[in-house]
Structures are given as C-alpha cells and as structure tokens.
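Asks: Dropping the structure in here first, questions after.
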Amino acid sequence: MNLTSEQRPNNQKLAITAAYYLTFITLGLTIGAAGPVLPILAHNTGTTLDGISIIFVTNSLGYMAGTWLTGRLFDYFSGHTLLAVALVVVSAMLFILPIAPQLWLLALVMAVIGIFQGTLDVSSNTSLIWLHGAKVGPFLNGLHFFFGVGALIAPIVVAQFTGQGGDIRWVYWLFALVNLPIALWIWFLPAPRAPEHSNPGETPRGPIPLPIMALLMTFFFLYVGLEGGYGSWIFTYATTLHLADATQAAYLTSTYWGAFTLFRLAGVWISTRLSPGKNLIVNFCGAGVGLALILLAPASQTALWIGTIVVGASIASTFPTMLTLADQRLRLTGALTSWCYFGAGIGHMLLPWLIGQIFVPLGARSMMVFIMIDLLLNALILALLLARTRGKLANNASPAAN
C-alpha cells in the first residue's frame, strides 16, 4: 500500500529511518578506510602512490554509473529492493578487495563497489525524503551524520589491526559481514513511494532550470572532491612530511572524520535554527580558517591537528544542507537526486586522483594548496547559486525550513 508520509505509523517510520542510518554507517566504513590502507594496497599490488590513485577514478566512475542507473530504476523497483541488493554486492566485493594481487583487479573491484555505493546513496536519500516529506531536513542531517560515524570508526579499526601487526583483510571482511543483516532487514521493510500530488495550497514546482542544475552539480562536484580528497590523503600527507607515524596518521584521519561526525550531529539541531544559505556560508568560512592555519604553519603538528579538526567540523553539514536548499526549490525525485550525486561522483573521481598526480612531483604540501583552491571555487559557486535562486527559494520554502 502506497502510504503518504502523514499516513505511516510513527514506529514504522522510525524503523525505516533507522535502517537507512545503518546503511550509511556501512557506507562510511568503506570510504573511511580508504585513506589509511592506501599505502598497504599500493604495496600489495606493487604500485606507487600516484599509480594506486587510479582506484579513486574507477570507484567514482562506478559511483556515477550507479547514481545514474538508480535514479531510473526507481521507476521499476522498490527502493528497498535496490538497497538490499546493493548491500549484498558490496559485501561480496569487500571480501575480494584486500586480497587483490594486481592493480587492474583492485581497480575493477573498486568500480563495482562504486556502482552500488551510488545505489546506496541515491536510494537512501530519496527514500528518506519521500518518507518524511517537508520535515526531512533534520533527518537528512541525521542520515549524513551516520555516514560520519562509519568514516570515524574505520580508521580506528585499521589502526588497531595494523598497529598490532594484523592483516587488513580482516578489517574488510568484518565490514562485509556487517552489511548482510542490514540487507535482510531492509528487504522486509515497506518502502516509501514518491508523493503523487502537491500538498494543499503548495505552489507547484516546475522543473529546475538548466543553469541552476549545472550550478548544483558543480557545487557537489567541488564539495565531495574536498571532503573525500582531504579524508583520503591526510594520512599520506602527515606521514610524508614526518608530522606523524603510521598509527598517529591513522588517528589523525579518524580525528578528521570524528569532527565531521560530531558536527553532522550538531547539524541536526542547527538545521532547525539556521537557514540553509547562512549555514553553508558559515561552513565555508570555518573551513577556510582551518586550511589557512595548516598552510601558514606547514611544519607544525599542532597546526595540522587543529586545522584538521576545524576543516572536518566546518564542512560536516554541507552535503545535507545543500540537498535541503535544493528541495526548497524543487521536488526531489530519484532522477533529479541522481544528477546531484552524478556531480558528486565526478568530484570524488577526479579531485582525489588529481591530488595523487601532483603529490609526488610537487610535494605533499601541494595537497593543501589544491584543497584551498577547491574551497574558494566552491564558495564562488555557492554565491552564484544563492544569487540565482534567492527569490525562488523564498517563494517555495516553508517557515520551518528557514
């Protein structure tokens, strides 16, 4: 039965929401482990740091394909069917990933993981929006908070295993096993459906103009490149500049994701008090301060740790806040959400890979310069978005959203 958000019992909505949150923990686990295990994967496959960065490209190509396909499969399959299948396939790939002896096989495994990570992302976000309707803002922040929980836990688990001479295969096999009961639970939960009509008195929302859609895609492209680039390379940055040993660098990575996670939780409350536009401006200003601190004191361990915390905390709520901002302008369908994630996928593919290409020839400090340039460009895109959509957002946003 296709129940609306208002017709569903609260306990059912709570169970479905919890399932999406657990899904995003597993998504964070797989992504958060990438940075600390990057040198190990390079050693396992007999390649260099700039060579191993190809896995970011194949993973993101898969992710883009997954987001594009998922947006269209929503017309034919239940969102929960897609989620359950994606979790099972990701588990299978995680069993193979740490024992892949050649770079081409590792790259292929990462591509398949990327396809189904795209499915997890689009299915969870779109279904959550359909489930909670106009009240989705805090729930979206909560969803992305739990991604941060997974990304926080992953480097700690890696550090514990590698610090005691353990094998990373057990890390990935543990993550794979966690996915399976979640997949089974989601399979049997009733999936929410897209709302068929506008609410009474609601202004009809037409299709989003192409220039605004392009700006949204570019925003997610730059933001995800910043988030993933920092999280994936901060470990190697710290060890290369001898600012931390391997264990300390793993905890530094975890600290980044920890600050990210904590302030995504804070974002649940902030989203009910601060408009999305103001929230995003504060985020970008804070990230700029953190990066400037690291750039101005490149040899300081203290500056690196403080700057990493500030960057992680500042950017934490950016992704769900921009989704909320976009939903004030249009009704987010699976297809439209997939285009935003398509832009995010390109950023996740290109920008960490580009960091890998400049890291060796230009030196480790080039990473922070690259991240700062990315942030400044992203701030410019945000300004253009706010300017182009200010009137339309004001006309369609509810008081609660502001």
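Asks: Restrict the search to segment 211-279; then list the trypsin sites (Lys or Arg not before Pro) that DSSP places in a loop and that have at most 13 other Cβ atoms within 10 Å of their Cβ.
Replies: Hits after loop and neighbour filter: ARG273.
Asks: Determine the calculated [θ] at 222 nm for the chain from helices alone, applying -39500 (n - 2.57) to every DSSP H run no shorter than 4 residues and normalising by the residue count; nearest 500 deg cm²/dmol.
Replies: -27500 deg cm²/dmol
Asks: Here's a follow-up. With bins 5 Å wide starting at 0, give me the P(r) of segment 98-179 over every alpha carbon pair, in whole percents.
Replies: 3, 11, 15, 20, 18, 14, 9, 6, 3, 1
Asks: Select from THR218, THR67, THR45 the residue whose mean-square fluctuation is largest in a Gaussian network model of the chain (Cα-Cα springs shorter than 10 Å).
Replies: THR45
Asks: How much of the calculated P(r) for segment 239-395 lies past 21 Å, in percent of all Cα pairs?
Replies: So the pairs more than 21 Å apart make up 52 percent of the total in segment 239-395.
Asks: Find the all-direction average of the projected area of the Cα convex hull for segment 29-143, expressing the result in square nanometres with one decimal place.
Replies: 7.6
Asks: Another one. By how many nm would the segment from ALA214 to LYS13 grow when fully extended, if each residue of separation counts as 0.36 nm and the alpha-carbon distance is taken off?
Replies: That pair, ALA214 and LYS13, stretches by 69.0 nm at full extension.
Asks: Which of THR308, PHE146, MET217 sits farthest toward the positive end of the charge dipole of the chain, with +1 on the Cβ of Lys and Arg and -1 on the Cβ of Asp and Glu?
Replies: With unit charges placed on the Cβ atoms, the residue in question is MET217.
Asks: Now a separate question. Diagonalise the Cα gyration tensor of segment 69-119 and give the resulting equivalent ellipsoid semi-axes, square root of 5 times each eigenvalue, largest first, whole Å.
Replies: In descending order the semi-axes read 25, 11, 5 Å.
Asks: Using only the Cα atoms, work out Rg/Rh for segment 1-97, with Rh taken as the Kirkwood radius, to two decimals.
Replies: 1.09
Asks: Moving on. Can you bin every Cα-Cα distance in the chain into 20 Å intervals starting at zero and give me the percent of pairs per bin, rounded to whole numbers?
Replies: That works out to 29, 60, 11, 0, in percent per bin.
Asks: Sticking with this structure for a sec: Averaging sequence separations of C-alpha pairs under 8 Å and six or more residues apart, then dividing by the length of segment 1-151, give the relative contact order as a whole percent.
Replies: Rounded, it is 42 percent for segment 1-151.
Asks: Take every Cα pair under 8 Å in segment 262-310 that's 6+ residues apart, average their separations, divide by the length, and report that relative contact order as a whole percent.
Replies: So the answer I get is 29 percent.
Asks: So, one more: Once you compute Rg and the Kirkwood Rh from C-alpha atoms, what is the Rg to Rh ratio for segment 43-99?
Replies: Rounded to two decimals, Rg/Rh equals 1.10.
Asks: Obtain the nm distance between the two label points defined at ARG193 and ALA387 by a simple spin-label model: each point lies 7 Å from its Cα along the Cα-to-C-beta direction.
Replies: Here the modelled spin labels are 4.4 nm apart.
Asks: Let me know the whole percent of all Cα-Cα pairs from segment 172-322 that are separated by more than 21 Å.
Replies: 61
Asks: What list do you get for CYS340, CYS285 if you sort them by fewest beta carbons within 10 Å?
Replies: Listed from fewest to most nearby Cβ atoms, that is CYS285, CYS340.
Asks: Size of the dipole of segment 229-384 about the Cα centre, Lys and Arg at +1 and Asp and Glu at -1 on the beta carbon, nothing else charged, in debye to 20?
Replies: Dipole magnitude for segment 229-384 comes out near 380 debye.
Asks: Chymotrypsin sites (Phe, Trp or Tyr not before Pro) within segment 148-191: which are DSSP loop residues with at most 10 other Cβ atoms inside 10 Å?
Replies: PHE188
Asks: Could you put PHE95, PHE146 in order, starting from the residue whose Cβ has the fewest other Cβ atoms within 10 Å? Could you put the intermediate results ahead of the total?
Replies: Working: PHE95 15, PHE146 23.
In increasing order of surrounding Cβ atoms, one gets PHE95, PHE146.
Asks: Further question on the same structure: When all alpha-carbon pairs of segment 209-295 are counted, what percent fall beyond 19 Å?
Replies: 52
Every number in this text was worked out from the coordinates using simple rules, so none of it is lab data. This structure is a prediction, so every number in the text was calculated from the model and none was measured. Here the Cβ is made from the backbone with ideal geometry for all residues, glycine too, and neighbour counts use every protein chain on show.
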